[in-house]
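The values are calculated or read from the model by the stated rules, or taken from the named source; none is laboratory data. Values in this document were obtained by computation on a predicted structure and should not be read as measured data. Cβ coordinates were reconstructed from backbone atoms using ideal geometry, including for glycine residues, and neighbour counts include every protein chain displayed.
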Amino acid sequence: MFAVSLALYLDQHVPKAIRRGLRAKQVDVLSAFEDGTSEWDDDLLLDRVQQVGRVLFTQDEDFLVIANQRQMRGIPFAGILFARQLGISIQQAIRDLEMIAKVCDPSDFANRVEFLPYQ
């Protein structure tokens, strides 16, 4: 049993080391590979993330465009945590995501994009 209030969903662009590091810190994480969605269109994947009640962590900039379109059209999504691939180390991603998962509620991210790393 995980002692967190926020469950994360990692898309296929997130390094496995981040998933392993988060699990070592007792963060509830599901990856697209584990869920069988790694080949899905990004729009469908964002729907899936909402369906399973998680917040998406991604390093794929395409999700920024999709999130913007959904915000403009009033189409709900569970929320996105975004970090540029060269803009964050694996250790910093683990630290930031662990903190978010342990202190935030899913409703804090509904229909929002939050950028990492935190400074």
Any idea which of (1) in contact with a strand residue (DSSP E or B) (Cβ under 8 Å, 6 or more places away or on another chain); (2) of a type outside the set (A, V, I, L, M); (3) exposed (fewer than 14 other Cβ atoms within 10 Å of the Cβ) is the one Arg54 doesn't satisfy?
(3)
For Asp60, the lone unmet condition from (1) exposed (fewer than 14 other Cβ atoms within 10 Å of the Cβ); (2) within 14 Å of the chain's Cα centre (by Cα); (3) modelled with pLDDT of 95 or more is (1)
Just wondering, is there one or more residues in region 4-23 that are in contact (Cβ under 8 Å) with a residue 60 or more places away in the chain, assigned to a strand (DSSP E or B) and hydrophobic (A, V, I, L, M, F, W, C)?
yes
Selected residue (criterion: surrounded by the most Cβ atoms within 10 Å (Cβ to Cβ)) from residues of region 87-119 that are in contact with a Lys or Arg (Cβ under 8 Å, 6 or more places away or on another chain) and either aromatic (Phe, Trp, Tyr) or assigned to a helix (DSSP H, G or I) (or both):
Ile94
Of all residues in region 65-85, how many are within 22 Å of Leu97 (Cβ to Cβ), more than 12 Å from the chain's Cα centre (by Cα) and hydrophobic (A, V, I, L, M, F, W, C)?
2
Quick one: in region 77-119, which of the residues that are within 15 Å of Leu64 (Cβ to Cβ) and polar (S, T, N, Q) is modelled with the highest pLDDT?
Asn111
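Got a sec? Which of Gly74, Gly79 is small (Gly, Ala, Ser) and surrounded by fewer than 19 Cβ atoms within 10 Å (Cβ to Cβ)? Working first, answer last.
Values: Gly79 fails: surrounded by fewer than 19 Cβ atoms within 10 Å (Cβ to Cβ).
None of the others qualify; the one that does is Gly74.
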So how many residues does region 91-103 have that are within 15 Å of Tyr9 (Cα to Cα), in contact (Cβ under 8 Å) with a residue 40 or more places away in the chain and out of contact with any helix residue (DSSP H, G or I) (no Cβ under 8 Å at 6 or more places or on another chain)?
2
